[in-house]
Amino acid sequence: MIASDSKFKVTLPSDRELEMTRTLDAPRELVFKTMLDPDLIPRWWGPRRYSTIVDKMDVRVGGKWRYANRAADGNEFWFNGEYREIVPPERVVQTFEFEPMAGHISVDTLTLEDIGDGRTRVRVRSVFASKEDRDAVLSSGMESGANETYDRLAEILAEKQRVGSKR
């Protein structure tokens, strides 16, 4: 195990893989819809110190996505990928590329598991072309950024459930 707190874990299943796991206090269907809503991506994707821009998000097999994190100084860091498989509300398989490191593409499998009591286990397994690619991502600060991203997602899910319960 690389990183772990009570909710977020990063493990290395093999030399070319990393896996992130987080439990969220929200039903699987809501987690799925929230994670694939282009209007909500800017509110949770990436660390708080960045604003997030959704350039495109065509949620269908073969559809492309492209986002940027914008720093306070105006610098932008672009990411992109293509959806390979979408199985609502349980799985999304997509490619992931950090554009400044073009050509170093991982295949990410998001799995959402209903664990009861309105909670969902989120698991993202990333498979890289090489151990060096995986290790470069690990050394980039990805762990703290991903943990913060999941904290932000949890906040939106809690908000959506509060609003939904008032109806």
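We did not get these values from a lab; they are worked out from the coordinates using the rules stated. Everything quoted here is computed from the prediction, not taken from an experiment. For neighbour counting, all protein chains shown are included, and Cβ atoms are generated from backbone atoms with ideal geometry for every residue, glycine included.
The GluC sites (Glu not before Pro) of region 36-119 meeting both criteria, a DSSP state outside H, G, I, E and B (loop) and at most 15 other C-beta atoms within 10 angstrom of the site's C-beta, are GLU90. For the chain, the longest principal axis of the Cα atoms and the long axis of helix 142-165 meet at an angle of about 20 degrees. For the chain, the number of Lys pairs with C-alpha atoms closer than 24 Å, counting only pairs eight or more positions apart or on separate chains, is 10.
Working from label points 7 Å from Cα in the Cα-to-Cβ sense, the ARG43 to ASP58 distance is 2.6 nm. Here the alpha carbons of region 1-149 define both size measures, Rg and Dmax, at 14.8, 43 Å. Comparing PHE32, ALA71, PRO42 along the charge dipole axis of region 16-72, the residue lying farthest to the positive side is ALA71, per the Cβ-charge model. Between ARG60, ARG43, ARG125, the residue with the greatest mean-square fluctuation in the GNM of the chain (Cα pairs under 10 Å linked by springs) is ARG60. Centre-to-centre separation between the Cα atoms of region 33-101 and those of region 102-125: 14 Å. Overall form of region 43-92: prolate. Here a/c, set by the Cα gyration tensor axes a ≥ b ≥ c, is 1.5 or more, and a/b is the larger of a/b and b/c.
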